[in-house]
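For reference, the structure discussed in these notes is given below.
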Amino acid sequence: MLALADVMLIEILIMIILTFIIIIIIIIIIIIIIIIIIIIIIIVIIIIIIIIII
């Protein structure tokens, strides 16, 4: 019974660790997407300013 409880505990820990890893990966992806969107917006603004100046 003790061995079974240990296995269950290890499985729960693995699930928790995997969940945290997945959440961290999702957060990183979201941050990268936000950075890309900000860069695109800045480029578009610069292009618009250049067009207005010309």
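Please treat every number below as a calculation from the coordinates, not as lab data. Remember, it's a predicted structure, so these values are computed and weren't measured experimentally.
Rounded to the nearest angstrom and listed largest first, the equivalent-ellipsoid semi-axes of the chain from its Cα gyration tensor are 52, 4, 4. Calculate how steeply helix 2-53 sits against the longest principal axis of the alpha-carbon atoms of the chain, using the helix alpha-carbon long axis, and give the answer as 0 to 90 degrees to the nearest 10. The answer is roughly 0 degrees.
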